[in-house]
Structure formats: C-alpha cells, structure tokens
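To start, the structure under review is shown below, and the notes come after it.
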Amino acid sequence: ARLLQKRNADVGTVEVHSFTVDCAVRSRFARTIMTSTAINKGNAAREISFEVELPKTAFISNFSMEIEEQVYVGQVKEKEKAKQQYDKAVSAGKTAGLVKASGRKMEKFSVSVNIASNSKVTFVLTYEELLQRTLGQYEIVIRVKPKEPVQEFKIVSNIFEPQGISYIDAHATFLTNDLLPLVEKTVTDKKAHISFSPTIEQQRKCPDCPGTIIDGDFIIKYDVNRDKNLGDIQIANGYFVHFFAPKDLTRLPKNVVFVIDRSGSMSGTKMQQTREAMIKILEDLHPEDHFGIIQFDHSVDSWRNSLSLATEENISEAMAYVKKIAENGFTDINAAVLKAVDMLVTDRKAKRLPEKSMDMIILLTDGDPTSGETRVPVIQQNVRNAIGGNMSLYGLGFGNDVDYGFLDVMSRENKGLARRIYTGADAALQLQGFYDEVSSPLLLDVDLRYPDNAVESLTTNHFSQLFNGSEIIVAGRLTDNDIDNFPVEVYGQGFDDFSEIGQFSAVDWSVMYPEDDYIFGDFTERLWAYLTIQQLLEKSKTGAADEKANATAKALDMSLQYSFVTPLTSMVVTKPEADDSPMIADKLTEEQRQQAERSGGVSHYRPSTPPTYFVDGD
Amino acid sequence: PHFMIELPDKNDALCFNINDKPGTIFNLVRDPVSGILVNGQIIGDKKIPPDGVINTYFYRFGITRWTLGVRLEVNTEFITVYQGGERIKLLWSAPSSLKGPNVDMVLTKDRSLMVTLKDSVKFVILLHKVWEKHPYHRDYLGFYTLDSHLLSPSAHGLLGQFYHGIEYEVSDLHPGEVPGKPDATMFVKGQQLNVTRGWQRDFRNDVKNGENVPCWFIHNNGTGIIDGDASDYIVSGLF
C-alpha cells in the first residue's frame, strides 16, 4: 500500500503531513482508525491518493475525507442497490476499484481525490475485526508502507482485556536496531499500551536520501489469563460475550486420513512441498493417534487399507510411502474422499479405533474435480451422506486454480473448514501450520447454554470441536439489563467429559478501568453484530435454499444497521468533483478471487452427416 | 502426409499430399467460435532414401480448446493433456481411458487415441509404429476427424476448411501417366484442375496395412483445392 502518494511527477508539491494508526482492542474486538493528512502546496490542483491495507477478516465500518472543511463520508448500502445506482463505477459481477486483494492476509483500500492548490485533505478509514485465537495467541497486524518519510508518523494500540493479559509482544518486520527502542510498551494487568512514533529523520534510510525504512507489518501478539475453566463472560450495555478456552484439558486422540491430490497439476514444487509438509506432519503425530494416507488422481490408492497407530515404525514406513508420491492424471475428489470416509467407518465398526477419539479427513487438492464424478453438488451430497455428521473434513486448497467455494462448502457441511494454501516457498510451512491448528482436539460437541428467559439473538452456541490454542466465542443480547447472576453451563465430550456450571455477574467497568470505563461503550454490541454477521454469511452458503435466503437477508440487514462493509454491502464514497462517478468499496471473497480465473466456451450446432477428414502417411 | 476428404454424400473422396521441410508445423483446424486449434509438425525419414524422395509425416500434434483451457500434445512417444491447470502424461505403451468435464480420451495401447472434446469435435490419432531399426522410416501419426458437425462455419485449416463440404465436378476422364490411374479435369472453386484417380489408405481398421479408399488426387500440395496454398497454413508453434 502506498500512503498518500502523489501521482503527478512534480515531487514536492504535495506534503504528507501525518499518518496515524490508532488501534483499540476491547476483549478481542479491535477497531482500527487510520488517519492521514496531506497538503497540496503546488500552484495547481493535484490528485492525491490514499492507499492502506487492512486484514481480510476485518469489516470496513467508516471512511471519510475532509477537504476545505467539507467532510465527505462513505455510506454503506446494499450491494445490489449500489450497483444499480452507480453502474459506471461497478460493472456487474466485479468488485469495484477501492478494495483489492493484497497478499494472503490483507486487502488494499485505495482512494484518490483532486485537491486544489494550497488545500488540505484528511482521510480517515475505520475497520473492525474480532481477533481469533490461533495457536494460543491473538494477533494484530498493522501494515504500513508510506512512500516517503512523514512528518508525524504514529502507531498506537491500546488493548483492554478484563481477563488480564498473560503476555504481549510487539515487533515489526522493518524494525532496525535504531528503531527498536522506539517501540514503547506499557503493560498492566488488564491493559496494554503500545506505541511507535519515529521522527521524520528516523524514518529515513539515510540522511537526506529519499524513501523510508517504514515498510512492512507492525505485529502485536498477546494472550489472556484463563483462570476459570468455564471461561469468562463480559456484560456491557445490554449485550454479553462469553469467551471459552479452558486450559489443562487432555487432548483427544485423533484418527486422521490424509487425502493427497497427486494429479498432474501438482507436479513440481507443489508436490515437493506436499511431500515435505507430510513428512513433518507425520513426525508430529502423537503416539496415540491413528492415521491413514490416500493419494489420488483419476484413480485412488491408499497406503494401507485401514488406519495405523502412529508408532515409530508405522510413521517411518508412511514417510517412505509419502516420499514416493508422484504426480500424474486428473482429479477424482469424489472417489478419494469417499474412500477416506469408508476407511474411518470400517475401522470404527471393527473397533480398531479408540472409542474416545476424533475422526477427521484432511483433503489437500489444487484443482477442480476433473475425473469420475465431476458435478460439484453431487460430490458434496455424496460426501455429506457418507460422513453423516460423524467426522470432520478439512479442505486445503493449494494454489490459485482450486475451486475454493466448493471446498469451503463441503468442509463447512462436514464440521470442518477450508483453507487456501498459497503457492510460495513457505507452502510446506502453511500446511504444517494448518495441521498444528487442528492437530490437538480437546473437546467434541461443545454446548454452551444460557438461560432462555434472559438472552436472545444468541450467536452459535454449539461447536463440533474445540482445538488446543483456539477459543470459542458466544455473544447475545440480554433481555434483562440489570441481571445480577448470569448462569452458564458448558458441556463437551473430551478425554474426560467436560461439564461445568457457574454464574457470572456484570462487571463494574468504572471499577475495573477507572480512567477508561467509557471505552467499552458499544464494543460488546458490535462484537456481537460482527460475529452474528460472520455466522450468517457462513450459513448463507450451506443448507436448504430458504435457510440460505433467510441467513442472507438477516446478514444484509445487520450489515446495513451496523454499517459494516461485508460481501453483501458496498460503501459508496462521493467525491467532491461533481461530474465524477462515486467510488465503491466492496468486501472481497475468496470466490471472487477465483472467479476471474474461470472461462467458458461456446459451441455451434450444425447437423450434418459426419464424413471423415484425415491426414496420414504411408 | 496425405490428406483425405471423404464425401459420403457423393460416394467419393478427394486427396492430396502436403510436404515441406521436416520440422514445419501446419495448421489443420482452427475454429475461432468453439476455440479449437489443431496444429501438426512433420518429420522426415532418418536419411535420404535411395530413390532420393524424402517422405514427411506428422509426428506431433498440438490440440487446444482455449475457451475451456484444454490442451493436448500428442507425439509418437507420449500424450500430454493439460486441463484446468492440471497436466497428465500418458504413454502409448499403457492402455488407459480418462473422462473429464471437457475432454474424454481412450487410449488403445500402441495404436490409437480417441479424443472427444465436449460439444465440439471427436477425432482419433493413430500411432504407426515402425521397426526401430528401419534404416529410413520412423514412427509417425495419423489424424482422423470423426465428428466435426458441432464446429462453427468459421472452422478453417488444411482439414477444417472441408468440414463444411465442397462442391466440385469431374469430367474429361483420360489416361494418365501411370497405368490404372486415369487423369481428369476437376472444376472446383472457379478453377480447372488436372486430377488423378488414385487411392489412399485409411488405417483406422487396419493400422498396419490400411484400406484403400479411391479418391481424386490433387497435385502440387493440393493447389486449387485448398484455400490459398500450403505455405499459408504454416504456423510458428504447436499451440
């Protein structure tokens, strides 16, 4: 992203005065405000652009431009209406210009505007996201790439976690030894303040030379205390949120079948990286786990006909097998996944697997189904019927050609999730990273229960599994705002079955944060809204047609109500230039990234008797 | 290589040879509407035969349906198929069949490859295996269009231009240079050509001996029967 770069050649006439990032986190819910001010010191009008990057998981919630004391504010509208209304700006089926994909984790927001001579412009972008706990920590990524040193450059983050912060770390990819001391970190039990504010001279690569060393990610990682097994409930302004991630639970053994696509398109680096990742993953299997390996192209082969215990000997043999996987052929996903399901079902029936254990399939593929059953809905139905809710399916889509939408739906329908593995030198690490996330199941069928008469509009409160290092979050609206004792029950199946009942009370924020009690304001409500919209968007992809339509309609309503730019809404930004079309900011989806890669064909029907035309030699 | 245009409605056939330097690539079919492209590269004998005539044959075909991202390369050793970003390599020595959303293939070991490109064209490629130690000849391929009725009227190429049929008349049959192969005058495309009644072989049913198919042979690289001349169909690459 380029911050306030000039598009015109006469450098020096536009001065970027300030760039500040203010990130406030209240109980995992982060609101980030990026503000930048520039002045056109030239004699003529200049186009100034504002380009920043935000995490893919974030929703833009506000954008404004202030020019000559006039403020232009972006308005969130239903995407379809925005399209109809501003046809010039948004061509059908395509995302508009303001938001573009940028790398794996981020998307780019950019806007440009003409500024009169000696005028000032201030851009303010706000986005919000619920931080997800992964491998035992939350991560805030702030990407900064100013093109030139900025007079006032500042990153500030204030984190408020009522459970208490167990550790926090801040670093940046661009930090040098000179800049390192500029990262200021103040941590008390429940609050952390992190700031980074280099002077214009400190931003320079060298004295008097152009360019800046500030170019990369500023990353904050932290975790919170987990004193109660039942988790923590926070109540604010009529909404509650429950964070559940008990510690010290014994992990469940897992029975995992790796289903590896070896079709022709995996040739070369992808296949090599898959082999490398599988070797590492096999090394990391717990001794009480069972595992199987299936490789497929247009035919399906399995290492062994049933799962094997992860003994040293078996792992060693599996590694030798994995090393020999060679690419060839088309992609018969249907047959391969059904084979994996069959292996697990057969072994369960034969009691070869521990009773208390989790069954999962990890499918790694890089392409569309191109062999055997190729109709995506039929494959999804076949897999859904075969699995019957008894195991989890994780779909790892390798590269850009994969039908991510297909994998996403199929995984969600079977208690799992899909993840894209990006082609690159670190693809093997990405595979291992994903495996690490799901390698340690703690609980299955987790139920979080709240009094029916006290809560409404509850987010999902049943979860198929809880993995070590992750966290379950449930939020809802309270019907009684003055609730004194809030009873909570949590049940789950684990190595030792989990059953906890407890009561929570509303915290007096003015006591916990005497100087900052105001900061919680609408955060809990917006966290609830964010989570509800996310889950509705997921529901809108699976299930019956009327359920999908209902979920979509509700998600749209809430996106509009809370002013979130989601895949169903667009933000319309009206520029001061009267003749110009307004600009539209959309939310990107993985499917949209894939869409452009698809192509279709046409054919012409011309009946005739088919003679033979040939060329040969003799 | 010899080209054969069967015209069942007329109960007749046309044939011609196209030769050029070994390595030349010719366009056989190009249909911009369905996105079909078939190119073939010729190869010569191992060395100049005693009669001094270097025969050329097709030994490599490149087949693309670019609208669906399908691409096949067929040579005398193996077949490579690219589809949806995937690549598959098949050896002539291993029988196999593949069924995909856009292309179906049936490979008969060391003999033929039947290819159906969805909603467009069906063809078979024959492999002619020659004794490895033959002093002059080497393996070569034949390309037979079995069904082209779904291709558009815009289809062209050395074979493709005949997919829409061709109108001609033959008269003035008279003895030619070779006994049993009379010459005649053919009126086609506004021209008058001297043609010879002969035969060419269709190897589909008998890959070793072939079956003789009587046809009107057009001399000089098919000049007069094809649009333009043979050099107009030379392309720079297989795809």
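Return only the number of the condition from (1) within 14 Å of chain B (Cβ to nearest Cβ); (2) of a type in the set (Lys, Arg); (3) under 15 Å from A:Lys254 (Cβ atoms) that A:Arg348 does not satisfy. Result: A:Arg348 fails condition (1) only. Filtered by the rule that a residue be within 14 Å of another protein chain (Cβ to nearest Cβ), assigned to a helix (DSSP H, G or I) and crowded, with 21+ Cβ neighbours inside 10 Å, region A:314-344 gives A:Ile333, A:Asn334. The lone criterion from (1) within 14 Å of another protein chain (Cβ to nearest Cβ); (2) at pLDDT 70 or above left unmet by A:Ser570 is number (1). With respect to the conditions (1) surrounded by fewer than 13 Cβ atoms within 10 Å (Cβ to Cβ); (2) closer than 16 Å to B:Ile5 by Cβ; (3) touching a Phe, Trp or Tyr at 6+ places or on another chain (Cβ under 8 Å); (4) not aliphatic (A, V, I, L, M), B:Tyr168 falls short on a single one, namely (1). The residue that is farthest from the other protein chains (Cβ to nearest Cβ), counting only those in region A:364-413 that are of a type in the set (D, E, K, R) and assigned to a helix (DSSP H, G or I), is A:Arg412. One residue alone among A:Val300, A:Val241 is surrounded by fewer than 23 Cβ atoms within 10 Å (Cβ to Cβ) and of a type in the set (A, V, I, L, M, F, W, C), and that residue is A:Val300.
Number of residues in region B:72-101 that are assigned to a loop (DSSP other than H, G, I, E, B), at the interface with another protein chain (Cβ under 8 Å from one of its Cβ atoms), at negative phi and surrounded by 19 or more Cβ atoms within 10 Å (Cβ to Cβ): the value is 1.
At pLDDT below 90 and in contact with a Ser or Thr (Cβ under 8 Å, 6 or more places away or on another chain) - does that describe any residue in region A:338-356? No, that holds for no residue.
For region B:36-49, the count of residues that are small (Gly, Ala, Ser), facing chain A (nearest Cβ under 9 Å), in contact with a Phe, Trp or Tyr (Cβ under 7 Å, 6 or more places away or on another chain) and more than 16 Å from A:Gly617 (Cβ to Cβ) is zero.
So, B:Ile63, is that one in contact with a strand residue (DSSP E or B) (Cβ under 8 Å, 6 or more places away or on another chain), assigned to a loop (DSSP other than H, G, I, E, B) and either within 13 Å of chain A (Cβ to nearest Cβ) or crowded, with 22+ Cβ neighbours inside 10 Å (or both) or not? The answer is no for B:Ile63. Being among the hydrophobic types (A, V, I, L, M, F, W, C) and within 28 Å of the chain's Cα centre (by Cα) is the filter; apply it to region A:366-390 and report the residue that is surrounded by the most Cβ atoms within 10 Å (Cβ to Cβ). The selected residue is A:Ile387.
Among the candidates A:Glu525, A:Glu538, A:Glu515, the residue that is of a type outside the set (Ser, Thr, Tyr), assigned to a loop (DSSP other than H, G, I, E, B) and farther than 22 Å from A:Asp227 by Cβ is uniquely A:Glu515.
None of A:Ala38, A:Ala24 is crowded, with 23+ Cβ neighbours inside 10 Å and assigned to a strand (DSSP E or B) except A:Ala38. Among the numbered conditions (1) under 22 Å from A:Ala428 (Cα atoms); (2) within 14 Å of chain B (Cβ to nearest Cβ), the only one that A:Ala310 does not meet is (2). If you filter region A:439-481 down to residues that are free of Cβ contacts under 8 Å to residues at least 24 places away in the same chain and of a type outside the set (S, T, N, Q), you find that the one that is surrounded by the fewest Cβ atoms within 10 Å (Cβ to Cβ) is A:Asp452. The set of residues in region A:415-427 that are touching a residue at least 40 places away in the same chain (Cβ under 8 Å) and not in a helix (DSSP H, G or I) comprises A:Lys415, A:Gly416, A:Arg420, A:Ile421, A:Tyr422, A:Thr423.
If you scan region A:345-363, which residues turn out to be outside any loop (DSSP other than H, G, I, E, B), touching a Phe, Trp or Tyr at 6+ places or on another chain (Cβ under 8 Å) and farther than 30 Å from B:Met105 by Cα? A:Met360, A:Ile361, A:Ile362, listed by residue number. Just checking, does region B:112-135 include any residue being under 16 Å from B:Leu72 (Cβ atoms), more than 7 Å from chain A (Cβ to nearest Cβ), of a type in the set (Ser, Thr, Tyr) and in contact with a strand residue (DSSP E or B) (Cβ under 9 Å, 6 or more places away or on another chain)? Yes: region B:112-135 contains one or more residues that are under 16 Å from B:Leu72 (Cβ atoms), more than 7 Å from chain A (Cβ to nearest Cβ), of a type in the set (Ser, Thr, Tyr) and in contact with a strand residue (DSSP E or B) (Cβ under 9 Å, 6 or more places away or on another chain).
All of A:Arg226, A:Arg143 fail the test of being of a type in the set (Lys, Arg) and in contact with a Lys or Arg (Cβ under 8 Å, 6 or more places away or on another chain), apart from A:Arg226.
In region B:192-209, the qualifying residues are those that are touching a residue at least 12 places away in the same chain (Cβ under 8 Å) and among the charged types (D, E, K, R), and the one that is nearest to the other protein chains (Cβ to nearest Cβ) is B:Arg201. Scanning region A:376-416 for residues that are over 20 Å from A:Arg262 (Cα atoms) and modelled with pLDDT under 90 returns a single hit, A:Gly405. Checking A:Leu363, A:Leu353 one by one, the residue that is farther than 27 Å from A:Asn400 by Cβ, of a type in the set (A, V, I, L, M, F, W, C) and in contact (Cβ under 8 Å) with a residue 60 or more places away in the chain is A:Leu353 and no other. Of the residues making up region A:217-263, those that are polar (S, T, N, Q) and within 27 Å of A:Ile501 (Cα to Cα) are A:Asn225, A:Asn229, A:Gln234, A:Asn237, A:Thr250.
When region B:136-161 is filtered for residues that are at pLDDT 90 or above, part of a strand (DSSP E or B) and within 9 Å of another protein chain (Cβ to nearest Cβ), the ones remaining, listed by number, are B:Tyr140, B:Leu141, B:Gly142, B:Phe143, B:Tyr144, B:Thr145.
Evaluating A:Gly264 against the criteria (1) more than 17 Å from A:Asn468 (Cβ to Cβ); (2) modelled with pLDDT under 90; (3) within 25 Å of the chain's Cα centre (by Cα) leaves one unmet condition, (3).
The values are calculated or read from the model by the stated rules, or taken from the named source; none is laboratory data. Only a predicted model underlies this, so the values are computations on that prediction, with no experimental measurement involved. Heads up, the Cβs are rebuilt from the backbone with ideal geometry, glycines too, and the neighbour counts pull from every protein chain shown.
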